[in-house]
Every structure is written in structure tokens, then in C-alpha cells.
Amino acid sequence: MLIIPDVHINSRMKDTILAGLRNLVDQNDSEDSLIFLWDYVYHFAYDRTSLLSLFRFFVELYHQWKKLYILAGNHDWISEQFVFEEWKLATDLLLTEQSSWTFWKIEFITQPTHHTIDWENILFLPYNVHTQVAATSFANCGRFPDIEKTIQELWLSQHKWEQFSSRVNQFLLDEVSRLWTNEKLLVIHHHYLEWVQFPWQRWRFWFKDVAIDRRFADIPTICLLSGHIHQPFVYKNYCCLWSLWATSPLEVNHCKVYGILQDNILEVLPLSLNAYMKIDVTWWEVVSRAQIEKIQELWWLDVSTNLQWNDSWKVTFWDLVMHEYSTLTLQLIVDKIDYTRIDDYVEESLVTSLQDIQLKKQGMWLDALVEKLSLADKNLHEWFSDRKGILKLYLSNKYPDESEEYETVLRDLWLL
């Protein structure tokens with residue numbers, strides 16, 4: 001099966017993304033089952049024309065006798081409405097017309113669903129499972145008491161998202177508890193793993209982010225697979241496959257991948273649609289092609305290190321495919337932003353080859369940021385991911401008499 005991570009299509013990258021997807025399918029023509037790991041749009045950058053172009057691509061694959069599994073992620077919902085719902089109706093009509101051809105299909109997965117694909121026992125766990133699970137009571141199987149205790153505590157929490165986490169974890173625990181002793185289950189999900197420090201991530205994730213209990217990663221009868229975090233790594237039984245492309249300048253010095261799962265071996269292949277590369281030229285000589293290639297080799301070394309074989313995941317790699325210079329954005333850290341001095345930073349032959357060159361001043365050090373935000377009493381390394389906490393603290397300091405009123409408005413807007 002061909003596993004394609006978070007698409008995040010938009011108007012700027014639409015043509016590049018679709019061309020890249022067609023190339024992936026062509027290069028792996030023998031793979032009949034395609035699993036798309038959610039997040040086809042952005043919450044705040046929804047472009048209907050781009051989404052419809054992606055739909056048309058799905059129909060192309062349908063007519064190539066492919067089986068498509070289209071999973072719902074956190075970006076694919078407008079309130080409780082799945083963005084594919086309207087088009088799903090048209091797809092259902094298409095499938096009805098071709099009902100006799102059962103060996104290929106398009107399936108939009110918005111609810112927990114079991115499938116057997118290429119002899120793999122799979123549970124698809126879309127993001128919104130917490131809206132579909134009735135959590136009036138919890139069944140205790142006794143096999144995982146620590147997880148059960150955490151689920152109970154989360155359900156009693158006053159925080160809505162922690163209650164959501166309790167439902168996700170209870171559903172997964174019920175599924176795991178039903179497995180026979182030697183039965184294996186691949187859980188393809190769209191949630192964080194709570195409290196684990198992942199490679200390249202500066203912040204941990206919490207149950208307030210809707211997360212799976214980290215102790216699920218120790219259960220030998222399951223394997224966890226997701227996108228969502230936009231970076232590839234293996235942690236115990238959990239494997240993350242990143243996103244299809246560098247969705248923001250925050251994803252600098254990253255290498256994107258996709259995967260082929262066959263015979264319990266995950267084959268990881270590099271994916272070159274676009275890239276952001278950051279180089280500090282305040283202490284460096286003029287940037288050359290050799291230097292860029294060296295950085296890309298280090299990217300791939302990091303990926304291969306973070307996806308090493310373990311008892312749960314057996315991973316193989318292809319050689320790194322270098323980014324084309326026409327798709328590469330180079331970010332240069334400089335003392336002073338002066339675009340008339342580009343030739344001082346980048347060798348002349350590169351200037352016209354790159355997609356873009358951006359000059360950035362050296363950012364503020366973390367300790368200075370702590371002091372500036374008046375958060376010296378916090379451990380910012382662990383706390384900074386809680387943007388809502390920062391916002392509430394700011395409001396209480398800035399508007400002490402009106403902070404509760406502001407918080408009410410922000411909660412109504414789903415910002416708190």
C-alpha cells in the first residue's frame with residue numbers, strides 16, 4: 001500500500017502538489033491501495049478550487065483501478081462538517097454506477113473503520129473520533145490499569161480537550177483489549193502522542209492537544225502510524241510520516257518522505273516538492289552548491305537515524321533525491337537585511353537558480369524571549385506550546401479588570 005502524508009493543498013502550491021502526486025502514483029504503479037493521511041486543506045486557508053482539483057485527481061486514480069482510502073484530519077472539518085461531505089455524495093453516485101466493479105473504490109473515512117489491506121489488519125482512527133464516542137461510562141479490562149486511570153482522570157477534567165482525549169484513548173483501549181494474544185493491529189490515526197519529546201520538535205504535546213497516552217507505544221500487539229506532526233520518525237511502536245511538502249518557513253532544513261508498507265516492512269522514500277533551507281551567513285563564507293548538497297545529505301542522515309529499525313517497525317530507505325534548485329527557498333541569517341548585497345551571500349550561479357532567497361536577521365535567543373514575555377518563572381521549553389496559556393496570561397496582565405470578558409469572547413471564537 002502507498003501511504004501519502006498530509007496534503008494541505010492551497011492555491012499557491014496546487015499545481016506542484018498535483019504534479020508531485022501524479023508522479024508518486026506513476027513511480028509506484030504496482031501499488032493498488034492508496035492511503036491519504038488527512039489534512040487536505042488548512043483551517044484558515046481553505047481554497048475550494050484547489051480542493052476540487054484534488055477531488056478530480058482522486059477520480060483519475062479511481063479510473064486507474066486504484067483503491068483510495070481518504071481519511072479525515074483535524075484541518076478537514078468546518079465545525080462538525082467534513083469538507084468532503086458535499087463531494088462525497090457525488091463520489092457515492094459514481095460508486096453506485098460502477099457497483100459491479102468492486103475491486104477498486106474511493107472511500108472517505110470519517111468514522112473509526114476496520115479494513116484488511118495487503119494482509120494488514122488496520123484500524124483507521126480519524127481525528128474526530130471524540131465526537132462519535134459516547135463516554136458516559138468506561139469499561140475497565142484490567143490489563144492496562146495505568147492507562148485506564150488516566151482516562152478516568154481526563155474524563156473528570158474541566159478542560160474540554162482533555163475530555164476529548166479521554167474518549168479517544170478509551171476507544172483505542174477498547175480496540176486493543178479485544179485483540180487476541182498474538183493478533184496484530186495497525187492503527188492509522190491523527191493524534192499526537194502525549195508528553196514524548198520527538199526528534200526536531202522543541203515542544204511536547206499534551207492531552208489538551210487531543211493526544212494518545214504515551215503508554216500505548218509500549219503495547220506490542222499494535223503499531224501506530226500517523227502524519228499530523230510533519231516530520232518522519234519512529235518511537236517504539238509509533239511511526240510518523242510527515243507532510244507532503246514544506247507547508248511553512250518554520251519547516252526549515254527538513255526532508256519530506258512518503259511510504260510503502262508491504263510484508264510488515266515500511267519502505268521510506270524521499271519526496272522533493274519544495275524545501276526551505278536556513279544558513280547562517282554571519283559566520284560563513286558565500287553559500288555554494290556543494291554546501292547545499294551537504295546540508296541535504298545531513299537531512300537524509302537525520303531521517304534515516306530517526307526511522308531506525310526496532311521491534312515494531314522494520315524500515316528500509318532509498319537514496320536521497322536532491323531538491324531541484326528551482327523548488328528551493330534559501331533563508332539566510334544576516335547581520336543586516338540588504339537585498340542589494342545578495343551576491344555577497346550566495347554564489348552568482350545560484351541566485352537565478354533558486355526559487356527564492358530570503359534574508360532574516362538573527363532571532364532573539366530563548367532566554368531573552370522569556371524575559372521579554374515576563375515568563376521567567378515558567379519552564380518555557382515545556383510550556384511554550386500552550387499558546388492559550390500565554391494568551392490568557394497576557395490578557396490578565398494587560399487588562400486585569402476585563403480579562404474574563406475577553407476570554408469569553410475568545411472561547412466563543414474557538415481561540416481559547
Open item on the list: Among the numbered criteria (1) in contact with a helix residue (DSSP H, G or I) (Cβ under 8 Å, 6 or more places away or on another chain); (2) under 21 Å from Phe36 (Cα atoms); (3) among the acidic types (Asp, Glu), which one does Asp213 miss?
Closed with: (2)
Task: Identity of the residue in region 175-228, among the acidic types (Asp, Glu) and not in a loop (DSSP other than H, G, I, E, B), that ends up farthest from Trp155 (Cα to Cα) - done: Asp218
- [ ] Would you mind telling me which numbered condition in (1) among the β-branched types (Val, Ile, Thr); (2) assigned to a strand (DSSP E or B); (3) surrounded by fewer than 18 Cβ atoms within 10 Å (Cβ to Cβ) Val315 fails?
- [x] (3)
Open item on the list: Tell me the residue from Ser99, Ser79, Ser53 that is farther than 27 Å from Val187 by Cα and either at pLDDT below 75 or among the basic types (Lys, Arg) (or both), please.
Closed with: Ser99
TODO: Give region 188-231 a look and list any residue that's over 23 Å from Thr113 (Cα atoms) and either free of Cβ contacts under 8 Å to residues at least 12 places away in the same chain or of a type in the set (Lys, Arg) (or both), or say none.
DONE: Gln197, Arg202, Arg204, Lys208
- [ ] Starting from region 402-414, take each residue that is within 12 Å of Lys388 (Cβ to Cβ) and at pLDDT 75 or above and list its partners that are of a type outside the set (Asp, Glu) and not in a helix (DSSP H, G or I), counting only C-beta distances under 9 angstrom and pairs at least six apart or across chains.
- [x] Glu407/Leu416; Leu410/Leu416
TODO: For region 201-228, enumerate the residues that are of a type in the set (A, V, I, L, M, F, W, C) and either farther than 28 Å from Lys388 by Cβ or surrounded by 21 or more Cβ atoms within 10 Å (Cβ to Cβ) (or both).
DONE: Phe205, Phe207, Val210, Ala211, Ile212, Phe216, Ile219, Ile222, Cys223, Leu224, Leu225
Task: Filtered residues of region 194-208 (kept if in contact with an Asp or Glu (Cβ under 8 Å, 6 or more places away or on another chain) and closer than 21 Å to Ile151 by Cα) - done: Glu194, Arg204, Phe205, Trp206, Phe207, Lys208
- [ ] Considering (1) in a loop (DSSP other than H, G, I, E, B); (2) touching a helix residue (DSSP H, G or I) at 6+ places or on another chain (Cβ under 6 Å), say which one Arg167 fails and leave the rest.
- [x] (1)
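Per-residue answers, yes or no, for (1) over 15 Å from Ile106 (Cβ atoms); (2) touching a helix residue (DSSP H, G or I) at 6+ places or on another chain (Cβ under 9 Å):
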site: Asn10; (1), (2): yes, yes
site: Asp29; (1), (2): yes, no
site: Asp47; (1), (2): yes, yes
site: Leu52; (1), (2): no, yes
site: Phe58; (1), (2): no, yes
site: Leu61; (1), (2): no, yes
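The values are calculated or read from the model by the stated rules, or taken from the named source; none is laboratory data. Bear in mind that the values here come from a model prediction, so they are computed numbers and not experimental data. Note that each Cβ is placed from the backbone with ideal geometry, even for glycine, and that neighbours are counted across all protein chains shown.
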